[in-house]
Amino acid sequence: MYGLDQTAIVYTPHATTGAYTVVARSELVCRLAYVEQGGSAVGGERENIGQRRRLLWDAEYAMPDEAQVEVDGERWNVLMGTYGQLRGADSQVVYRRCEVVRAI
């Protein structure tokens, strides 16, 4: 898929511990993009934006509601309620997307 030049491992929480150790998908082709900083972001808001990214992936994969992704050795928590779809000129879904925040 054009523009998706990274791969991710998708983890879901372990049923007993809640730790993100269960691999739901390995080798998910994706792109982890910076979130554009609006002109209104100042102070703490700007710091929070620096911890956020937008994750894009192939339309065929349905991301679990509770998930954590690892891209280039760094873990990111998927933010529920931020899921969306990007459509092409023919109205077909080309990518799926969500916001992620750096896991601590």
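The values are calculated or read from the model by the stated rules, or taken from the named source; none is laboratory data. For clarity, every value in this text was computed on a predicted model and none was experimentally measured. Virtual Cβ from ideal backbone geometry, glycine too; neighbours counted across all protein chains shown.
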Check: Which pairs have Cβ atoms under 7 Å, sit 6 or more apart or on different chains, and link a residue in region 80-102 that is surrounded by fewer than 15 Cβ atoms within 10 Å (Cβ to Cβ) to one that is of a type in the set (D, E)?
Finding: M80/D65; T82/E99
Checklist line | Matching residues in region 69-79 - criterion: being surrounded by fewer than 21 Cβ atoms within 10 Å (Cβ to Cβ) and either of a type in the set (S, T, N, Q) or within 14 Å of V23 (Cα to Cα) (or both) | finding: E70, V71, R75, N77
Next item on the list: Tell me which residues, restricted to region 9-45, are modelled with pLDDT of 95 or more, of a type in the set (F, W, Y) and over 19 Å from E60 (Cα atoms).
Entry: Y20
Margin query: Cβ contacts < 9 Å: first residue at pLDDT 95 or above, restricted to region 58-76; second residue in a strand (DSSP E or B) and among the acidic types (D, E), any location; separation 6+ or different chain. Result?
Written below: W76/E70
